[in-house]
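Input: a single structure, listed below in structure tokens.
Each reported figure results from applying straightforward, stated rules to the coordinates on display, with no laboratory input. Since this is a predicted model, take the numbers as computed values, not measurements. We place every Cβ from the backbone using ideal geometry, glycine too, and count neighbours over all the protein chains shown.
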Amino acid sequence: MKVIHLSVECFPIAKVGGLADVLGALPKYQRKLGIDASVVMPWYDRKFTQENEFDSIASGSFYQGSELLQYEVLKEANDQLGFPLYLIRIPGKLDREEVYCYPDEADQWLSFQHAFLHWLKADQLTPDLINCHDHHVGLVPFLLKYSHEFQQFAHVKTLFTVHNGQYQGWMNWNKGILLPGFDTWRWGLLDWDGLINPMAAAVKCCDAFSTVSEGYLKELYVDANGLQSLFESESQKGYGIVNGIDTDYWNPQVDTLIDANYDLNTVSKGKLKNKKALCKKYKLDASLPLMSFIGRFATEKGAELLAEIIDQLLGKVKAKMIIFILGSGDQNIQSDLQQVLEKYPKQIAVYFGYNESLAHQVYAATDMLLMPSRVEPCGLNQLYALQYGTIPVVRGIGGLKDTVIDVQEPGGYGIVFPEARVEDAVEGVMRALEIVNQGDLLLEIRDREMKLDFSWHKSAQKYLDLYTKLLN
């Protein structure tokens, strides 16, 4: 079974969020199940492409509107990721440093999808299934079936995986001229509320769509940024498959990025060594419980609540604890965090930006991880926390609700609070703090956490079962 994963992110080439982590691991685990899985993504001028070898395996040109674009397909030469990786480079479109936030982003993703299909046609490559990830490649299911240029691929099955339904790739209809030719009476398959909507087009035209947790699938039927009625009407082809994590990479026993490795039997000593190392570097008191936040400063992550949550904990409640923040994004949120940092300089440390190595160190050092998310299709941070014996303190939504069981429930190992509100999050943190301060109970919780299996093995099998169903 030949499967191509199509995405604009993949770790370690280009990572902005969880999409990259999924693409960097899922194909590797699928290959262990016998699937011929590979990844195709844009070329970026980043560290990975600069430092590794690539073979040029194809090239060609196509018109996007009146603009003639040249493309080149490069294959990573040493298969070091555990699966074949292909990068598409287009001068002026797919040759940039950053993944997002360019003014011509719609043109970029259109050119990526067009070049991908042109390459398949020119080299006579016919996969059994194309797994398209998020709206950036959402036009592929439509183009396979209804573009005159690519009719030979109309039989190729497509699975569209929704990682975040809030972002849909909206384009004005004046961009329609940039698409490969199609029967104009099919325009309704591209349209939603008067705009070209790649996510809507994908849901309409794919053979099946999946979400990154079962809980998020249900949530899309009631809140999908305007597409809830579409998801509900197409629900017969919807599937929820929770994300896994790459336990070869996220594993405190062998993690080369942390200061002290540990396992289930040495978790207390190991986490203390890592906490002391982190606290020494950032001038915090390692004798106090440590809570952390890792992620984007965005309202969907509940990050605008962080400053007030921290002020309530350290000021009003006077909790005896220290806090580490690792993230970047909205400048207003960052400014609020800077102010609270200045108010409690001995109890808070902040790293503005993203640092993969530091993230591993924080998971290994911290006692509690806070996730006050408003939207969380799956969430991977809570899974990393569990792997490292850290208590996840999460808002009960989406994948967080699917993967974290509150300690008050049978077999529980985390803290789940109901709403993305300051008072709910503070109460959740205080409950977690009680556990951290009870040595025997903390050991019991860590024992439960670290025995859980959230690796990709089970989820990869579910993808295989779905692929098989579609192909049969």
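Exposure proxy for E105, E304, E53: other Cβ atoms within 10 Å of each Cβ, ordered fewest to most, give E53, E105, E304.
Under the criterion of Cα pairs below 8 Å and six or more residues apart, the relative contact order for region 267-453 equals 22 percent.
Efficiency by 1/(1 + (r/R0)^6): what FRET value for A286 and L264, r their Cβ-Cβ distance, R0 = 25 Å, to the nearest 0.05?
That gives a FRET efficiency of 0.65.
Over all directions, the projected convex hull of the C-alpha atoms in the chain averages 21.8 nm² in area. Among the trypsin sites (Lys or Arg not before Pro) found in region 202-283, those both in a DSSP coil and sparsely packed, with 11 or fewer other Cβ atoms within 10 Å of their Cβ, are K283. Classification of region 267-453 by its C-alpha gyration tensor yields a rounded form. The axis ratio a/c (a ≥ b ≥ c) stays under 1.5. Placing pseudo-labels 7 Å out from each Cα toward the beta carbon at N332 and Q461 gives an inter-label distance of 4.7 nm. I'd like the distance separating the alpha-carbon centroids of region 149-182 and region 238-306, in whole Å. Cα centroid to Cα centroid, the span is 38 Å.
Under the simplified labelling scheme, the N225-M430 pair shows an inter-label distance of 3.6 nm, with each label point 7 Å from Cα along Cα→Cβ. So which aspartates and glutamates can K281 reach, going by Cα to Cα under 16 Å and dropping same-chain residues fewer than 8 places off? Within the straight-line cut-off, K281 pairs with D259.
Normalised by the residues of region 143-210, what does the relative contact order come to in percent, with Cα pairs under 8 Å and at least six apart? Mind showing how you got there, number by number?
Numbers: 83 pairs, mean separation 28.3, N = 68.
For region 143-210, the relative contact order is 42 percent.
Checking the table K280/K343; K401/K458; K47/K93; K15/K157; K276/K346; K28/K462 against a 22 Å threshold on Cα-Cα, which pairs fail? Don't jump to the answer; show the numbers that get you there.
Values: K280/K343 20 Å; K401/K458 18 Å; K47/K93 18 Å; K15/K157 27 Å; K276/K346 15 Å; K28/K462 14 Å.
Table pairs above 22 Å Cα-Cα are K15/K157.
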